[in-house]
Ligand code: GLA
């Protein structure tokens, strides 16, 4: 009997371990972009010479091999002039020919150079008439550096120049009191048309600093198949007009502030990511352990990893921080979910858990925000794992960490964190639900799941199995209990059934939780597995 019980227990456990991982079932999703951006270090003094230097440094260091491929030109590349036909006029001195036969003042020069290194190129504009260059900065103010009224031509021009990525800021939109959800959707459609005409993809970076909650409307906006949206203000404090570069300093406080503002686990999934801003790691202002913590925080958030430092000046330790493959693997995990806070050991002592695509695996950050070293502890059950035995690795040291009976404890230094990767078993109770009502393939269709069991006050991970036979992604509105709505994007699956992961709060007692997917259009939602 005893043996039989044990057999049943291990069979249930095995079911738990098989269900979430069947990796071939996961829809393939775009992972958070990795690269470099000019803004944090160069502000509006960006030009061809410094972009060439940075691209070269990325190419010649380990950064490119580690996955940092985007070289993004931020504000300052354009002074707001257009010719009589409305085409952007580029300053010939800042963007001269690089190779013989090229024309001065043609942005495709720098794109060709970046591409010649095997890297990708990013460009920048604003959704309004004016861009952010009207604000005080290192250089003089420039007006009309926005694309409003020229969406069609500008995004087509970016694609024709060969850019692979476009960041769209909100200074003009904000000034004119425009609705970001409307403008960014219109821009997404202009991008799609430019892509269709040129056959060239533009990754979409929405930068409205979290105004009007892009986490609720960003996924699949205007038909976009991938995007990031900024969730807060700038991580680097504004510079004094005419001030030197050294004014642009990183701060521990701003790093945590942006990490906190970025906490929208209900939104991040399927290739659509919250963006806490470009990193300040490696810039003056953070010490060695704060640099590592910065990388841990961004990886836990599955944030875009965009380096803001001057790459030519990085020391060996900082380069090693940026290129740590175990940390990058956490950021780039195939489930595409961000870490959720699962507990506190006291004020400022937080336990964060990131659900990973491989069954029974979690990344965990024990975060000490305080000025004192602190003993911290956590149990596997806080992470939704079962089993006393687990492999625990301290990600930064690479050492196996000591864990006993489903429990881990350690002293975490002040202003620091311990990043762990844990391999154990999923808790055996995995609940599978099928819809109670569904009408498919009609715009306005609704799929209802009711009587879902409570999973505690925190976040549940939900594997949605669905089918989307159309060539485009589908975007579905989701309401869970009485929480605010959000959007779930579902990439095409052909005739196969695939799955994507989302996170929701099933916080009603008993079996009184419900999830309603509406406006489901192209996607048939077949079932939910709740963890
Ligand atoms: C805004 C953005 C920054 C940067 C600057 C450029 O503040 O949030 O990331 O692009 O504009 O002016």
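No value in this document is a laboratory result; all are computed from the given coordinates. Because the structure is a prediction, the values reported are computed rather than measured. A quick note on method: Cβ atoms are made from the backbone with ideal geometry, for glycine too, and the neighbour counts reach across all protein chains shown.
Tabulated data for the structure shown
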| quantity | calculated |
| --- | --- |
| Residue list for segment 64-101, restricted to those being within 16 Å of the ligand (Cβ to nearest atom), closer than 20 Å to residue 113 by Cα and touching a residue at least 60 places away in the same chain (Cβ under 8 Å) | 70, 72, 74, 75, 76, 78 |
| Test set (1) within 24 Å of residue 216 (Cβ to Cβ); (2) surrounded by 16 or more Cβ atoms within 10 Å (Cβ to Cβ); (3) over 26 Å from the mean Cα position of the chain (by Cα) - residue 453 fails condition number | (1) |
| Residues being crowded, with 24+ Cβ neighbours inside 10 Å and more than 15 Å from residue 154 (Cβ to Cβ) - total across segment 170-204 | 2 |
| Any pair with Cβ under 6 angstrom, 6 or more apart, that starts in segment 158-176 at a residue that is more than 23 Å from residue 277 (Cα to Cα) and ends at one that is in a helix (DSSP H, G or I) and away from the ligand (no atom under 12 Å from the Cβ) | 159/194; 159/198; 160/198; 161/108; 161/111; 162/108; 162/111 |
| Hits in segment 477-515 - residues which are surrounded by fewer than 18 Cβ atoms within 10 Å (Cβ to Cβ) and under 14 Å from residue 462 (Cα atoms) | 479, 514 |
| Helices (runs of 4 or more DSSP H) contained in segment 166-284 and holding at least 2 residues under 19 Å from residue 337 (Cα atoms) and within 16 Å of the ligand (Cβ to nearest atom) | 252-261 |
| Residue tally, condition touching a residue at least 24 places away in the same chain (Cβ under 8 Å) and more than 19 Å from residue 121 (Cβ to Cβ), over segment 191-206 | 2 |
| Given (1) under 19 Å from the mean Cα position of the chain (by Cα); (2) part of a loop (DSSP other than H, G, I, E, B); (3) within 13 Å of the ligand (Cβ to nearest atom), number of the condition residue 145 does not satisfy | (1) |
| Given (1) within 32 Å of the chain's Cα centre (by Cα); (2) within 16 Å of the ligand (Cβ to nearest atom), number of the condition residue 140 does not satisfy | (1) |
